Every structure is written in C-alpha cells, then in structure tokens.
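The values are calculated or read from the model by the stated rules, or taken from the named source; none is laboratory data. Remember, it's a predicted structure, so these values are computed and weren't measured experimentally. Positions of Cβ are backbone-derived with ideal geometry, glycine not excepted, and every protein chain shown enters the neighbour counts.
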C-alpha cells in the first residue's frame, strides 16, 4: 500500500529559502495515522536530486513501521527556492533544523541523508549538537562523505560548473540522458524505470543549483562534526561500485565514528535509494526499533 501525505509545508529557511516539505504516513485509514511512540524519520536528498528519490524507501519503511516520515527539497532543488547570499553545504544543516522545527518540533528523531543529504546530516550534527544529544536516536548516512578528500575536476569542467552557478534560477538545464545517468549513478542492470526517473529529476534541476552547489561541495569539510555524530548509533551504506562517493571514502571516515556500522552493498552504484532500497529500509527499521526500545545495540 502506497504511503499517503499527512501534511505538506512551505517552510521559511534561515536564509530566506522557501523549503517544500512533506509528511508521510502509512496509506491506511486507521484513526491514528502514525504511532506517536515511534521516532519521526527526517530524510534529506542529494545534489541535483529531489525528495522524490526517497519514495521507494518511504514506502518500504511505512509498510513495516507506522512511523511518520518527513522528506523535503534542498534549497534550489525540486520545489524549494534559493535563499539569500552564498551557498554552503554547512548551511544545509540549518535548513534541516528549520524543517524539524516546523514538521517535527517534538519527540525523538531519526535523521537520514543520501549523498549531499548525508553531508547535511553531518552539518546538522556539527551545528546542533544539543539536538543530537537530546532528540536524535540514530542517523542513516547513504553514499556520502564528510569531505571530498581533495578530488578535483579538469579545469574546463570546473569552469563550466562555476559558470552554471551564475545562470538565472528559473532556467532549466538540458535533458540528461538515461545512458549517462545509468553509468554514473547505478550498478549493472538497473531497473530502466528507476534510471528514467533519476534522469528526469536531474534534468529538472536548474543549472544554477548544479553549479552553485558544486562550488559548495568543493569547499565542504565536516570531519570535525563526526564527534557530535558519534553520540548516536549510525548506519552507513555505500555501493560497492559507487563512482561519486567511493566505498574507500566511507571506510576511511567510518573509522573515526565508533558508533557507526558500515555496509557495502554489492553490485550497486551511487543511487542506493533505488538499487539498495531494501538495505536502506532494513537499516532504518533497525534505527527506529533501537530508538524506540532505548537500546542502542538494537540499531546495530
């Protein structure tokens, strides 16, 4: 049974961005739409993507646990606008805090993020350690990294991405082909419908968002935030053949988070929210159960 929308929000971010957020619950007609004893799961998506990329995970999680799930579009992505001033990945932690304040102001939380969304969770942990300590019962980090470890593109590609960041926000980019999407984001034999959906989402992202956030990613470093993140159980998933945030990066930084458990998903690339949805759902269920029982070992 497909999940249903409990509420939709337009949330004012700290920098003036208007953030499109959605609360999801199980798609039945019971009087209580969700179990109030379960933590609210808040999920952040990746660069050039949107909250749509979580739909398989949301459906699978809500078929197993009557939790409430909040997804939202990052500033400049999907249905969300840019805010004022420069773009920095670290500021996305404050955007997540604004979403939580409106959509999940009370009760325990599980935070999750894919790619740049995982970086958002790290930034949140660094900027809001009190909330991490008082409300967060676990974190899910998928295909992500606390820094790009010095990766650099060829000068021409860097120039082109920086140039995109100066284009008008309303301008849409060229269509991104399914072949390129498949080889850069998926492992072998992906579901064609999943590839088509991701290509459509990327194509719908403005060149301005693509360029501005690439610049932000190259400046990003949240390794100091890992100390705050380590206060809670952390599940880390990465595709075995992820070309964008390689598994070797996850192995490197997970060593600095004693509370983290790493799972490398065989045969998968970057878009684990599709090819690795089952593993993500299992990880979220374990985090929800651990936070509910008060036993951190249950999240492992």
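Of note:
- Selection within the range 186-196 - under 20 Å from the mean Cα position of the chain (by Cα) and under 12 Å from residue 267 (Cα atoms): 186, 187
- Residue within the range 241-253 that is in a helix (DSSP H, G or I) and surrounded by 23 or more Cβ atoms within 10 Å (Cβ to Cβ) present: yes
- Residue within the range 207-215 that is in contact (Cβ under 8 Å) with a residue 12 or more places away in the chain, in a helix (DSSP H, G or I) and closer than 30 Å to residue 37 by Cα present: no
- Verdict on residue 265 being in contact with a helix residue (DSSP H, G or I) (Cβ under 9 Å, 6 or more places away or on another chain), buried (at least 22 other Cβ atoms within 10 Å of the Cβ) and without any contact (Cβ under 8 Å) to a residue 40 or more places away in the chain: yes
- When the range 83-95 is limited to residues that are within 14 Å of residue 11 (Cα to Cα) and modelled with pLDDT of 95 or more, the one that is surrounded by the fewest Cβ atoms within 10 Å (Cβ to Cβ) turns out to be 94.
- Positions within the range 96-127 being more than 22 Å from residue 292 (Cα to Cα) and assigned to a loop (DSSP other than H, G, I, E, B), in sequence order: 115
- Of the criteria (1) over 29 Å from residue 275 (Cα atoms); (2) under 17 Å from the mean Cα position of the chain (by Cα), which one residue 134 fails: (2)
- Against the list (1) over 19 Å from the mean Cα position of the chain (by Cα); (2) modelled with pLDDT under 95; (3) part of a helix (DSSP H, G or I), the condition residue 218 fails is (1).
- Any hit, the range 196-213, residues being at pLDDT 95 or above, under 22 Å from residue 287 (Cα atoms) and touching a helix residue (DSSP H, G or I) at 6+ places or on another chain (Cβ under 6 Å): no
- A single entry from 176, 232 fulfils the requirement of being in contact with a helix residue (DSSP H, G or I) (Cβ under 9 Å, 6 or more places away or on another chain), buried (at least 17 other Cβ atoms within 10 Å of the Cβ), at pLDDT below 95 and in a loop (DSSP other than H, G, I, E, B): 176.
- Residue in the range 58-82 that is surrounded by the most Cβ atoms within 10 Å (Cβ to Cβ), counting only those that are under 15 Å from residue 115 (Cα atoms) and within 12 Å of the chain's Cα centre (by Cα): 72
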